[in-house]
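Structure record follows, encoded as structure tokens.
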Amino acid sequence: MTYRPPKQSKLSQLFDVIVLLAMTFGALYIPLFLGLAGGSKSVPEGAPTTWEGMGQNAAQVAQYNALGFTDPAAVSNIINARYDYSFSWGALAVMIVVIVAYYALMLRFSEQEYRDVISEKFGDRP
């Protein structure tokens, strides 16, 4: 006797796909909407506004000019912007707890499903 998984209808498969897509997009965009993630950039005070001061060579200047940026002051905010890499130790601790709890939960469910499949295939043995 071979193991045959339960059949799933096309409608329930479509529902599963829609739920998984919603969860994926939610996991990616909800932190952005809540302001918990994203490229937080800041421009330092007194940042240089000349091509030489920003460390741009002739080839880079030519590429900026090709993009329509002929004034170095207009591009200085883009070039001088720096990402903010600060983080919260509390948020890091919460994330570690959530990941470890999820891992433990998945191990528990996997073990339970594994035992169910084994008992279904081979029967209950002492």
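Each reported figure results from applying straightforward, stated rules to the coordinates on display, with no laboratory input. These numbers come from a predicted model, not from an experiment. When we count neighbours, we look across all protein chains shown, and the Cβ atoms used for this are built from the backbone with ideal geometry, even at glycine.
Quick look at the numbers
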item: Check: the chain dipole with +1 on Lys, Arg Cβ and -1 on Asp, Glu Cβ, in debye; result: 580 debye
item: Mean ellipticity per residue at 222 nm, deg cm²/dmol - from DSSP H runs of n ≥ 4 across the chain, formula -39500 (n - 2.57); result: -20500 deg cm²/dmol
item: Calculated FRET value between MET95 and SER12, using beta carbons and R₀ = 25 Å, to 0.05; result: 0.15
item: Pairwise centroid distance, computed over Cα atoms, of the stretch 1-42 with the stretch 78-126, Å; result: 16 Å
item: Efficiency of FRET between ALA47 and SER110 - r from beta-carbon atoms, R0 41 angstrom, step 0.05; result: 0.20
